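Working notes, beginning with the structure itself.
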Amino acid sequence: VGRGLLNLTRVSLPETVQDEKTVVACYNRMLEVYNDHCTEKTKPYDGIIPLLDELKSRELKLAVFSNKADKFTKKIVQTLMPGYFDIVVGMTTEDLKKPNPACALEISEHFGVRPENIVYLGDTGIDMQTARNAEMYGIGVLWGFRTKEELVSAGAEAILSHPLDLIGLRL
């Protein structure tokens with residue numbers, strides 16, 4: 001988890017059947033199934049909806065930028081958190097994957113906000129590298145699936161333990 005669905009497919013298979021043909025066939029089938037079920041058993045982390053409510057009440061511009069495929073990213077966000085985000089961007093091509101800052105910078109440009117004035121929340125070292133590459137303020141969050149050490153070593157400028165901790169943070 002967190003290293004891409006193709007890799008997840010590969011490591012989920014027994015080593016004896018990790019040839020490219022089998023991996024690609026299983027990956028394609030997994031994408032079909034995931035498309036139909038990507039919002040089942042999926043929910044925002046505790047505290048996310050109250051945080052989003054607070055940020056929207058302050059009329060802040062909000063975006064999602066994910067390495068997950070664009071169609072899945074949009075479907076999940078629209079289903080689980082409708083109306084909160086001004087922009088939702090997932091991957092359409094491999095060369096734009098994080099830590100490439102291109103999509104983050106496009107979001108900055110779309111909002112008309114300089115990158116250094118954008119707070120970038122992320123739960124992986126790749127997110128922190130992306131924030132750094134885009135010259136945004138990278139905040140590592142511990143409610144994801146990576147460690148504080150990974151986030152700090154990748155350049156997190158602050159660490160949050162709970163979503164609502166963002167509200168009191170002095171930047």
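The values are calculated or read from the model by the stated rules, or taken from the named source; none is laboratory data. What you see is a predicted model, and the numbers here were worked out from it, not measured in a lab. So basically every Cβ, Gly included, is an ideal-geometry build from the backbone, and we count neighbours across all protein chains shown. These area figures cover heavy atoms from the full protein model, side chains too; ligands, DNA and RNA do not enter into them. Shrake-Rupley method; radii C 1.70, N 1.55, O 1.52, S 1.80 Å.
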Seminar exercise, completed: Checked the range 114-138 for anything in a loop (DSSP other than H, G, I, E, B) and open to solvent by 40 Å² or more (accessible area, probe 1.4 Å); matches are ARG114, GLU135
Seminar exercise, completed: Among (1) closer than 17 Å to LEU52 by Cβ; (2) open to solvent by 60 Å² or more (accessible area, probe 1.4 Å); (3) in contact with an Asp or Glu (Cβ under 7 Å, 6 or more places away or on another chain), THR92 falls short only on (1)
For this session: State the number of residues belonging to the range 1-19 that are part of a helix (DSSP H, G or I), over 16 Å from LYS97 (Cβ atoms) and touching a helix residue (DSSP H, G or I) at 6+ places or on another chain (Cβ under 9 Å).
Result: 4
For this session: Can you tell me which residue within the range 36-54, out of those that are under 18 Å from the mean Cα position of the chain (by Cα) and assigned to a helix (DSSP H, G or I), is surrounded by the most Cβ atoms within 10 Å (Cβ to Cβ)?
Result: LEU51
For this session: Output yes when any residue across the range 75-94 is modelled with pLDDT of 95 or more, among the basic types (Lys, Arg) and over 25 Å from ASN35 (Cβ atoms), and no when none is.
Result: no
For this session: State yes or no: is ILE107 over 19 Å from PRO163 (Cα atoms), touching a residue at least 40 places away in the same chain (Cβ under 8 Å), hydrophobic (A, V, I, L, M, F, W, C) and open to solvent by less than 40 Å² (accessible area, probe 1.4 Å)?
Result: yes
Exercise. Tally time: how many residues in the range 55-89 are closer than 18 Å to VAL119 by Cβ, assigned to a loop (DSSP other than H, G, I, E, B) and open to solvent by 70 Å² or more (accessible area, probe 1.4 Å)?
Worked result: 5
